[in-house]
1. Across segment 61-68, in residue order, what do the Karplus-derived ³J(HN,Hα) couplings come to in whole Hz, using 6.51 cos²θ - 1.76 cosθ + 1.60 with θ = phi - 60° and x for Gly and Pro?
2. Residues with amide H under 5 Å of residue 33's amide H, sequence separation 5 or more or different chain, H placed in the peptide plane at 1.01 Å from N; which?
3. Restricting to DSSP loop positions (anything but H, G, I, E, B) with no more than 11 other Cβ atoms inside 10 Å of their own Cβ, which trypsin sites (Lys or Arg not before Pro) remain in segment 1-91?
4. Using a Förster radius of 35 Å, what is the FRET efficiency between residue 111 and residue 42 based on their Cβ-Cβ separation? Nearest 0.05, please.
5. For a quick check: with amide H placed at 1.01 Å from N, whose amide H comes under 5 Å from residue 62's, ignoring anything fewer than 5 positions away on the same chain?
6. Compute the length gained on full extension between residue 60 and residue 90: take 0.36 nm times their separation in residues and subtract their Cα-Cα distance, giving the result in nm to one decimal.
7. For segment 51-57, take each phi angle, set θ = phi - 60°, evaluate the Karplus expression 6.51 cos²θ - 1.76 cosθ + 1.60, and give the result in whole Hz per residue in order, putting x for glycine and proline.
Amino acid sequence: MLVNIVMLVKDRPRLTEQALSSLYPHTERGTFNLTIVDDGSQLGTRGVLDLTTSTRDDTVVLRLSRSKGVVGLVRNIGIHASAAYWGQGDYLYLSDNDAYFTPGWLEKMLAAWPIAYTAGFKILGGYNHPYQAIAGLEAGK
């Protein structure tokens, strides 16, 4: 099972670092590929991306030279880039750089997929805002 994750990044270096530092240890290697689309971030965020992703063979960073400023367009660029670079995965997960990934998040999402699919849902996603991690809360509580 392979999940292609597309993460949009636009500035906010602290949140970008938190998203990546929660994703990598809480997601089993070999279960995902990550395509980060940087929509024209400033130097601070670019530095975070360089430091955090430079040694990862499961991550690629696509830097847009000028900000597109339209989330849907940037997301579509990321989806196409992900498919071109990694090929078609079993699933596609879309994220932003303000997500916080908790232990087992991907396994739980994949376990819920058959239920959501039978109920008529075509897309399944999850989101934890960083304040939940800071406050020590889990999503849904």
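1. Going residue by residue, I get 10, 9, 9, 7, 5, 10, 4, 7 Hz, with x marking Gly and Pro.
2. Amide H neighbours of residue 33: 3, 4, 5.
3. Working: sites: 10, 14, 29, 46, 56, 63, 66, 68, 75; in loops: 10, 29, 56, 66, 68.
Answer by residue number: 29, 66.
4. Values: r = 39 Å, r/R0 = 1.10.
Result of the calculation: an efficiency of 0.35.
5. Those qualifying (amide H under 5 Å, at least 5 residues apart or on another chain) are 36, 37, 38.
6. Residue separation times 0.36 nm, minus the Cα-Cα distance, leaves 9.0 nm.
7. Calculated HN-Hα couplings, in order: 5, 7, 10, 4, 9, 9, 8 Hz.
Read-outs throughout are calculated quantities, based only on the coordinates presented, and are distinct from any laboratory measurement. Being a predicted model, the structure only gives us computed values, none of them experimental. Ideal geometry is used to build each Cβ from the backbone, glycine not excepted, and the neighbour counts take in all protein chains shown.
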